[in-house]
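J.: Handing you this structure, nothing more for now.
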Amino acid sequence: SKQPSAVPSTSAVPSTPPSKQPSTPPSIEPSLKPQFPIPSSPTKSSSLPEAARTSSITIMLIIGGCLFAFISFVLAIFYRRKKNRTSRMNSCKAFARDDSGEIFDDDNGLDVADTGHEASVRIALRSDLNVDINIPHTTVIDIDHPSMWAISFDQLLEVRDQAMNLFKEKEEDFDSKTLRDINEAIIIPVCQRTKTSYALYKNPKGLKLNVFVSHSWDEPFRAFVDSIEQVYLHSLEKPALWICAFGLVQGSSDEIKAQLGVGDTPLDESPFVRALQAADKYLVVRNQNTDLCSRIWCICEVMYAREYNLIPSNTLIAGPNTFTDTTISCLEAKSFDINDKAKILKKLLTEHNHADIDEYIAKFRTFSNNQK
């Protein structure tokens, strides 16, 4: 019989076909180094929105802080301005004097009379309060105060031009017309229609005077205006003028008397004296028809201008000096209303001897601007 062939001796481990054996990539080599997990990309991407949120919150906080600071700044300015305005108003009241000359004290007991002229309080308030900061112990001036009844220089020239055209249409000589004629033709109609003075009709909020004008109603109106125009011919800034015809409500004699003060009303409270007291300059306009110093109101104005230190340094003279050599006593001076003369003389003769008044008026006549 046929004997089986001998098989070479091998290991007892069963053999695995080559196709069944696990394949190991040749690049991977077993490593003895410890392995640590590598953070995956999803973890890195999740941290970006959180950083963005933190940055947004920071920006919002900065903006909020700036906005808060701005609002606080605006409120602080508003509060400060309001406080300053209140303080100015209180100061103005504390240092104001009423029309009768009574002096008001502030809450700290500071008397205005103790401050002196050089230490006068000059308070700059808003323009619509009508404050004159040039008057010692600054006073808030109400529209009812006569010093607010002025007309501007240009408004005076407008009246002249209006009157010139009016009388030209009537074929009348304008050069011969006096202020009385202008009053009848232009001023009274305005006053009766508006129930107010011509000055307040043209300046409803009032106009503070710079110059008080002393004159006569009998003067030719054109010459009157031309004289004033000549005085300020070379002045860059034209003044506000207080002229009684424009400052008072013109109408009947009773209406005029009521404004001047009747009965026992002190002369110091008349609109003439109160306006003159507030004036910066005193302008005397002479004329060729009437001697100003023969009128009791003109004498009164001269004596008060002297009392208020307007003469001589703040006095201006205009118009012809026709009556320089004329002499007349204040006792013989004329007035439209005899009661006005009585009241004025009573006041003046209480403080002066009539001879002293006449002497001063004679000296005043010699003032000349070299106009003949």
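The values are calculated or read from the model by the stated rules, or taken from the named source; none is laboratory data. None of these values were measured; they are calculated from a predicted model. Counting neighbours? That spans all protein chains shown, and the Cβs are built from the backbone with ideal geometry, glycine included. The accessibility values were calculated without ligands, DNA or RNA, using every heavy atom of the protein model including side chains. Shrake-Rupley method; radii C 1.70, N 1.55, O 1.52, S 1.80 Å.
J.: List the residue pairs whose Cβ atoms are under 9 Å apart, where the first residue sits in region 316-343 and is free of Cβ contacts under 8 Å to residues at least 40 places away in the same chain and within 17 Å of residue 302 (Cβ to Cβ), the second is basic (Lys, Arg) and not in a loop (DSSP other than H, G, I, E, B), and the two are 6 or more positions apart or on different chains.
T.: Final answer for the pair search is 326/365; 327/365.
J.: Filter region 268-293 for residues that are of a type outside the set (Asp, Glu), surrounded by fewer than 18 Cβ atoms within 10 Å (Cβ to Cβ) and farther than 29 Å from residue 325 by Cβ and give the result.
T.: The answer is 274, and nothing else.
J.: Yes or no: region 177-187 includes at least one residue that is open to solvent by 10 Å² or more (accessible area, probe 1.4 Å), touching a strand residue (DSSP E or B) at 6+ places or on another chain (Cβ under 8 Å) and closer than 13 Å to residue 245 by Cα.
T.: There is at least one residue in region 177-187 that is open to solvent by 10 Å² or more (accessible area, probe 1.4 Å), touching a strand residue (DSSP E or B) at 6+ places or on another chain (Cβ under 8 Å) and closer than 13 Å to residue 245 by Cα.
J.: List pairs: first in region 195-212 and within 14 Å of residue 237 (Cβ to Cβ), second acidic (Asp, Glu) and open to solvent by 50 Å² or more (accessible area, probe 1.4 Å), Cβ under 6 Å, 6+ apart or cross-chain?
T.: 210/280
J.: Go through region 292-304 residue by residue and tally those that are without any contact (Cβ under 8 Å) to a residue 60 or more places away in the chain and in contact with a Ser or Thr (Cβ under 7 Å, 6 or more places away or on another chain).
T.: 2
J.: Quick one: residue 170 ticks every box in (1) touching a Phe, Trp or Tyr at 6+ places or on another chain (Cβ under 8 Å); (2) without any contact (Cβ under 8 Å) to a residue 12 or more places away in the chain; (3) open to solvent by 30 Å² or more (accessible area, probe 1.4 Å) except a single one, so which number is it?
T.: Answer for residue 170: the failing condition is (1).
J.: Only residues in region 261-286 that are touching a residue at least 40 places away in the same chain (Cβ under 8 Å) count as the first member; pair them with residues that are assigned to a loop (DSSP other than H, G, I, E, B) and charged (D, E, K, R), Cβ under 8 angstrom, at least 6 apart or cross-chain, and list the lot.
T.: 269/99; 274/99; 278/208; 285/219
J.: Does residue 363 satisfy being surrounded by fewer than 17 Cβ atoms within 10 Å (Cβ to Cβ) and in contact with a Ser or Thr (Cβ under 7 Å, 6 or more places away or on another chain)? Step through it out loud before you land on a result.
T.: Working: surrounded by fewer than 17 Cβ atoms within 10 Å (Cβ to Cβ): yes; in contact with a Ser or Thr (Cβ under 7 Å, 6 or more places away or on another chain): no.
It is false that residue 363 is surrounded by fewer than 17 Cβ atoms within 10 Å (Cβ to Cβ) and in contact with a Ser or Thr (Cβ under 7 Å, 6 or more places away or on another chain).
J.: Could I ask something else about it? Output the residue which, of all residues in region 349-372 that are at pLDDT 90 or above and of a type in the set (Phe, Trp, Tyr), is farthest from the chain's Cα centre (by Cα).
T.: Selected residue: 360.
J.: Something else about it: Can you name the residue in region 131-168 that is acidic (Asp, Glu) and either in a loop (DSSP other than H, G, I, E, B) or at pLDDT 95 or above (or both) and, of all such residues, is nearest to residue 220 (Cα to Cα)?
T.: Among those residues, the one meeting the criterion is 161.
J.: For residues that are aliphatic (A, V, I, L, M) and within 23 Å of residue 302 (Cβ to Cβ), scanning just region 200-227, find the one that is surrounded by the fewest Cβ atoms within 10 Å (Cβ to Cβ).
T.: The selected residue is 223.
J.: Based on what the data block shows, is residue 238 within 23 Å of residue 315 (Cβ to Cβ) and basic (Lys, Arg)?
T.: Considered against the rule, which asks whether it is within 23 Å of residue 315 (Cβ to Cβ) and basic (Lys, Arg), residue 238 comes out as yes.
J.: Which residue out of 357, 296, 311, 328 is surrounded by 13 or more Cβ atoms within 10 Å (Cβ to Cβ) and in contact with a Cys (Cβ under 6 Å, 6 or more places away or on another chain)?
T.: Among 357, 296, 311, 328, only 357 is surrounded by 13 or more Cβ atoms within 10 Å (Cβ to Cβ) and in contact with a Cys (Cβ under 6 Å, 6 or more places away or on another chain).
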